[in-house]
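S.K.: Provided herewith is a single structure, encoded as structure tokens, for subsequent inquiry.
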Amino acid sequence: MGKEPLSGEDIAVRLAELPGWAREGDTITRTFGIRYHGGVAMIVNVADVERLVGHHADIDLRWDHVRFSITTHDAGHRLTAADFDLAARIDRIAAAHETQPHNV
């Protein structure tokens, strides 16, 4: 997956395809409602995928939710296609873990 920085227009288009994800500066973030032990299991599944694709998210685990923040460090902390690919993969894993929407 490409690691060239995306334009603002490309970012907006890709973000529209990922409901629940929000842009915060040069990162995209999403929080999933899931209890602590379920969150740990979800993170292990995400980590396996991250290892395979060679890209990772910053992860914040709390007792009732998990928050993912994604940016491409090797592109100067800018958003790339790799970030949106990883976000879509995280969404599929979250659905398998039956997460709920979470408002922080």
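S.K.: Give the residue that is farthest from SER69 (Cα to Cα), with candidates limited to residues of the range 16-45 that are assigned to a strand (DSSP E or B) and among the hydrophobic types (A, V, I, L, M, F, W, C).
M.R.: Applying the filter and picking the extreme gives PHE32.
S.K.: Residues in the range 1-15 that are in contact with a helix residue (DSSP H, G or I) (Cβ under 6 Å, 6 or more places away or on another chain) and assigned to a helix (DSSP H, G or I): how many?
M.R.: Number satisfying all stated conditions: 1.
S.K.: Which count do you get for residues in the range 69-82 that are within 15 Å of ALA22 (Cα to Cα) and either crowded, with 20+ Cβ neighbours inside 10 Å or touching a Cys at 6+ places or on another chain (Cβ under 7 Å) (or both)?
M.R.: Qualifying residue count for the region: 4.
S.K.: Could you pull out the residue among ASP26, ASP85 that is in contact with a Leu (Cβ under 7 Å, 6 or more places away or on another chain) and either at positive phi or surrounded by 15 or more Cβ atoms within 10 Å (Cβ to Cβ) (or both)?
M.R.: That would be ASP26, the only listed residue that is in contact with a Leu (Cβ under 7 Å, 6 or more places away or on another chain) and either at positive phi or surrounded by 15 or more Cβ atoms within 10 Å (Cβ to Cβ) (or both).
S.K.: Further question on the same structure: Restricting attention to the range 72-85, which residues are free of Cβ contacts under 8 Å to residues at least 60 places away in the same chain and assigned to a helix (DSSP H, G or I)?
M.R.: Residues of the range 72-85 free of Cβ contacts under 8 Å to residues at least 60 places away in the same chain: 73, 77, 83.
Those that are free of Cβ contacts under 8 Å to residues at least 60 places away in the same chain and assigned to a helix (DSSP H, G or I): HIS73, ASP83.
S.K.: While we're here: Being in a strand (DSSP E or B) and in contact (Cβ under 8 Å) with a residue 60 or more places away in the chain is the requirement here; does PHE68 meet it?
M.R.: Judged against the criteria, PHE68 is not a match.
S.K.: Please list, ordered by first then second residue, the pairs with beta carbon atoms under 8 Å, 6 or more apart or interchain, first in the range 16-34 and aliphatic (A, V, I, L, M), second part of a strand (DSSP E or B) and loosely packed, with under 14 Cβ neighbours inside 10 Å.
M.R.: ILE28/ALA22; ILE34/GLN100
S.K.: Right, something else. Among the candidates VAL66, VAL49, VAL44, single out the residue that is within 17 Å of ALA96 (Cβ to Cβ), modelled with pLDDT of 95 or more, crowded, with 20+ Cβ neighbours inside 10 Å and not hydroxyl-bearing (Ser, Thr, Tyr).
M.R.: Being within 17 Å of ALA96 (Cβ to Cβ), modelled with pLDDT of 95 or more, crowded, with 20+ Cβ neighbours inside 10 Å and not hydroxyl-bearing (Ser, Thr, Tyr) holds for just one of VAL66, VAL49, VAL44, which is VAL66.
S.K.: Given the conditions (1) surrounded by 15 or more Cβ atoms within 10 Å (Cβ to Cβ); (2) touching a strand residue (DSSP E or B) at 6+ places or on another chain (Cβ under 8 Å), report the number of the one that ILE93 does not fulfil.
M.R.: (2)
The values are calculated or read from the model by the stated rules, or taken from the named source; none is laboratory data. Keep in mind it's a predicted model, so treat the numbers as computed, not measured. A quick note on method: Cβ atoms are made from the backbone with ideal geometry, for glycine too, and the neighbour counts reach across all protein chains shown.
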